[in-house]
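> There's a structure below that I have some questions on.
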Amino acid sequence: MTARAALIALSLLGAAGCSNLPGSQSPEESYRRGLQALAQGQPRTARIELLNAIKAKPDNKAYRLAQARTYLLLGDGGAAEAELKRANALGLAESDTGHLMAHAALLQGQAERAVAEAAKAGAAHAAYADRMLGRAYQILGRMEDAAEAFDRALAATPEDGALWADIGDFRRATGELRGAIAAADRAVALAPRQVEALILRGELTRGQYGLQAAMPWFDRALEIDPSNLRALIERAATLGDLGRTREMLADTRRILGVSPHNASAYYLQAMLAARGRDYALARSLYRRTGGAFDNRPAAMLLAGTIELGAGNAFLAAKWLQRLLDVQPGNLKARRLLGAAQWRSGDAAAAIRTLRPLADRSDADAYTLAVIGKAYARVGDEAAATRYLARAAAPNSAPMPALYDPLGDGEIEALRREANRDPGAPAQVLLIRALLARGFGPEALQRARRLQAASPGAPDAHVLVGDALAVQGDYAGAAAAYRRAANLAFSEPVALRLIEALRNSGDEAGATRVLALFLQQNPQNVSAQTLAANAYLQARRWPQAIALYEGVRKRIGDGDATLLNNLAWAYAETGDYERAIPLARRSWALEPNNPAAADTLGWLLFRSGEDRVQGLALLEQAVRGAPTDAEIRAHLQAARGG
């Protein structure tokens, strides 16, 4: 039964038990207006109208049933279940409420119970019951059963917008983004005022095209239902990522107005405070979530970042270690954990955490700098010098950054599992491990098979691109990354595509992709830094300064590489008053880093502020990076030849 047909049935059922009463608005009129509000996608208005009807006629089972549907749309499973039980007590058969009771159970996090309740639904409600079964099986991880349930529902009600929205969510969960997008489009076409379908399309658009493109979908949803919590939460999160902090804060306050003590609102506010580096406030706000997000990887990263920013390195390390236990391949968490261990005084632990990244050819400067300082602290000056010299050198290694946390026995077990089921998640883990270990041909062969089997899954195209990039086929890698980007224009995909285009000689194409990504994600730190670096290399100093200052405002003065580059850009404009303090700060953060010593030394010498210290720093820089031609040239010039 479609949503429209259900509303008509409710109307007829209600009319059978109604009689006209005097007054400006009879219960029948309230009931009619409630159904009308439901049809228009305004459940909060419907709730009030139906409450008025029920107050006048508490024993009308049609009113109770309509109110139950309203609570389901509002996401209040407990209230919906209470209304359904009252309707049953008034004589409505369980065969007429089983499908709705299954829905109520799902909203209360009771997937197993939802399966049992759905079985009670009569034949007239089989499609709705199958839709709930699909959702329940999806939660339980029984994806094949979920697919079969959705297929049955679709065969019975192919024009049900709510069903198509659920199918879109299911396809997204299985990684089939192309199919998810098609399903969401179908849902919106069938039910243009269905808020859940609009929100889903917004979420998919955010991943497919970017933050700016997603906003109209959330705005449309809120035009229909201004107090819809899910729409408010998604819009607030998107506004925050766009840097529109005032509007984000306003939306979180609206959320708390509708749902006092809402954990999502406090989580978003904590994220906002952390971005503003008010870590005490961020910690206070995060605690108000009551642990609702503690087991989510993104929340573990946020909590670890907050504690690290607040100077609680030990607590930060606990959060980040938990995250790394769940996601051993999370490179950002590994970098932050290494930094937390370093700041807490455990240099040996920092070395153990960071060495798998630092020993790779594509290691970033921050990782190399931290592990270099850690080696210096444990007394291994040779290792410290080696890593700090690499931190000073420009990184020309190709994308992607690969990491393999598996032991030999684990990779063989994965290979056996992947051979049994080529489409299994184990296949993805195996391909990444093979790439990290240098087994490029096998990885590419497996990735191409996965790509052919799952053309709508961006990860499959990314793996093909990674395998091609590792073997030096950057043009082929760029083509694969473009296919992934057409489905999910995320940061990892965008950065891979940019690097592949550059390595294939298409600098103009790389610039266009970076500009498009920044247009959609203007606050993305990685993209801003990449663009600033490009301006620096092109000697476009004002543009580089503007971007570096923007990133600095976001992340503070703790990144020696950023401060070093910003100092250099200011110096090239002749502004030594700004440049030298920045260079001093960079060198203070990493006194053994040859790049930091070179920049400060050269600026001190060239500006005439302190040529003696400048020469000493340049000599230190050459000792740390004896093969760096630019550093040697600075020293030679300072010596007068």
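> Before anything else, pin down the relative contact order of the chain: Cα pairs under 8 Å, at least 6 apart, normalised by residue count, whole percent.
Dividing the mean separation by the residue count of the chain yields 7 percent.
> Please work out how much accessible surface Asp359 shows to a 1.4 Å probe, ignoring ligands, DNA and RNA, in Å² rounded to 10.
80 Å²
> For the stretch 257-367, place one equal point scatterer on every Cα, skip the solvent, and apply the Debye formula. What is log10 of I(q)/I(0) at q = 0.14 Å⁻¹?
For the stretch 257-367, the Cα-only Debye profile gives -0.56.
> How would the stretch 199-336 be classified by its alpha-carbon gyration tensor: rounded, prolate or oblate, with rounded meaning a/c under 1.5 and the a/b versus b/c comparison settling the rest?
Cα axes put the stretch 199-336 in the prolate bin.
> For the stretch 485-641, give the magnitude of the charge dipole about the Cα centre (Cβ charges: +1 Lys/Arg, -1 Asp/Glu; no others), in debye to the nearest 20.
Values: 16 positive and 17 negative charges, 19 e Å.
It works out to roughly 80 debye.
> So which lysines pass the test for Lys318, namely a Cα distance under 19 Å, with those fewer than 8 places away in the same chain ruled out?
Lys332
> Dividing the alpha-carbon radius of gyration of the stretch 34-121 by 2.2 N^0.38 Å (N being the number of residues), what value is obtained?
On the way: Rg = 12.4 Å, N = 88, 2.2 N^0.38 = 12.1 Å.
Output field value: 1.03.
> Can you pull the percent of the stretch 414-533's accessible area that's carbon plus sulfur, 1.4 Å probe, other chains left in place?
Values: 2660 of 4980 Å².
Ligands and nucleic acids excluded, carbon and sulfur give 54 percent.
> Near the amide H of Arg193, under 5 Å away, which other amide H atoms are found, from residues 5 or more places off or on another chain, if H is placed in the peptide plane?
none
> Now for a separate question. Calculated from the structure, Rg/Rh (Cα atoms, Kirkwood Rh) equals which of [x] 1.05; [y] 1.03; [z] 0.98?
[x]
> Taking the Cα centre of the stretch 41-102 as origin, work out the dipole magnitude from +1 charges on Lys and Arg Cβ and -1 charges on Asp and Glu Cβ, in debye rounded to 20.
Details: 9 positive and 7 negative charges, 43 e Å.
About 200 debye.
> Show that you can apply the helix-only estimate: for the chain, add -39,500 (n - 2.57) for every DSSP H stretch of four or more residues, divide by all residues, and state [θ] at 222 nm to the nearest 500.
Values: 37 runs with 481 residues, N = 641.
It lands at -24000 deg cm²/dmol.
> So if I take the alpha carbon set of the stretch 413-524, get Rg, then get Rh from the Kirkwood formula, what is the Rg over Rh ratio? The partial results should precede the final answer.
Numbers: Rg = 14.4 Å, Rh = 14.2 Å.
Rounded to two decimals, Rg/Rh equals 1.01.
> Same structure again: Of the options Ala183, Thr205, Leu450, report the single residue whose Cα projects farthest towards the positive end of the charge dipole of the chain (beta-carbon charges: Lys, Arg +1; Asp, Glu -1).
In the chain, that residue is Thr205.
> So what is log10(I(q)/I(0)) for the stretch 137-200 at q = 0.14, 0.25, 0.29 1/Å, when the Debye sum runs over its Cα atoms only?
Computed log10 I(q)/I(0) values: -0.35, -1.05, -1.24.
> A further question follows. Could you tell me whether the stretch 495-640 comes out rounded, prolate or oblate from its Cα gyration tensor? Rule is a ≥ b ≥ c as square roots of the eigenvalues, rounded for a/c under 1.5, then prolate if a/b exceeds b/c, otherwise oblate.
Values: a/c = 2.27, a/b = 1.74, b/c = 1.30.
Judged from the Cα gyration tensor, the stretch 495-640 comes out prolate (a/c at least 1.5, a/b above b/c).
> So if I take the alpha carbon set of the stretch 113-249, get Rg, then get Rh from the Kirkwood formula, what is the Rg over Rh ratio?
Details: Rg = 15.9 Å, Rh = 15.6 Å.
That ratio equals 1.02.
> Let me ask something additional. Roughly speaking, to the nearest percent, how much of the stretch 196-235's 1.4 Å accessible area is carbon and sulfur? Write down the numbers at each step before the final one.
On the way: 680 of 1300 Å².
Carbon and sulfur: 53 percent of the exposed surface of the stretch 196-235.
> Right, another one. Need one word for the stretch 503-550: rounded, prolate or oblate. Basis is the Cα gyration tensor (sqrt eigenvalues a ≥ b ≥ c); a/c below 1.5 gives rounded, then a/b vs b/c decides. Let's see the in-between values first.
Values: a/c = 2.28, a/b = 1.16, b/c = 1.96.
The shape class here is oblate.
> Give the dimensionless ratio obtained when the Cα radius of gyration of the stretch 300-354 is divided by 2.2 N^0.38 Å.
Details: Rg = 9.6 Å, N = 55, 2.2 N^0.38 = 10.1 Å.
With N residues counted in the stretch 300-354, Rg over 2.2 N^0.38 Å equals 0.95.
> Ok, one more. Which net charge results for the neighbourhood of Gly141, defined as the other residues with beta-carbon distances under 14 angstrom from its beta-carbon, given Lys and Arg at +1 and Asp and Glu at -1? The partial results should precede the final answer.
Details: positive: Arg135, Arg142; negative: Glu112, Glu144, Asp145.
That works out to -1.
> Enumerate the calculated ³J(HN,Hα) couplings along the stretch 174-184 in order (Karplus 6.51 cos²θ - 1.76 cosθ + 1.60, θ = phi - 60°), each rounded to whole Hz, writing x wherever the residue is Gly or Pro.
8, x, 8, 5, 4, x, 5, 5, 4, 5, 5
> Once you charge only the Cβ atoms, +1 for Lys and Arg and -1 for Asp and Glu, what is the size of the charge dipole of the chain about its Cα centre, to the nearest 20 debye?
Numbers: 77 positive and 68 negative charges, 166 e Å.
Charge dipole, the chain, about its Cα centre: 800 debye, nearest 20.
> Going by average Cβ density within 10 Å per residue, which order do the peptides 542-551, 614-623 take, highest to lowest?
On the way: 542-551: 19.1, 614-623: 20.7.
Those peptides, ordered most packed to least, come out 614-623, 542-551.
> How much of the accessible area of the stretch 76-185, in percent, comes from carbon and sulfur atoms when a 1.4 Å probe is used?
For the stretch 76-185, the apolar C and S fraction of the accessible surface comes to 51 percent.
> While we're here: Please list, in order along the stretch 209-214, the HN-Hα scalar couplings obtained from phi with the Karplus expression 6.51 cos²θ - 1.76 cosθ + 1.60 (θ = phi - 60°), rounded to whole Hz, x for Gly and Pro.
Running phi through 6.51 cos²θ - 1.76 cosθ + 1.60 with θ = phi - 60° gives 10, x, 5, 4, 5, 6 Hz.
> With every protein chain left in place, what is the accessible area per residue of the chain in square angstrom, probe 1.4 Å?
Here the per-residue accessible area is 44 Å².
The values are calculated or read from the model by the stated rules, or taken from the named source; none is laboratory data. Everything numeric in this text was worked out from a predicted model, so none of it was measured. Backbone-built Cβ (ideal geometry, glycine too); neighbour counts: all protein chains shown. Side chains included, ligands, DNA and RNA excluded: accessible areas come from the protein's heavy atoms. Shrake-Rupley method; radii C 1.70, N 1.55, O 1.52, S 1.80 Å.
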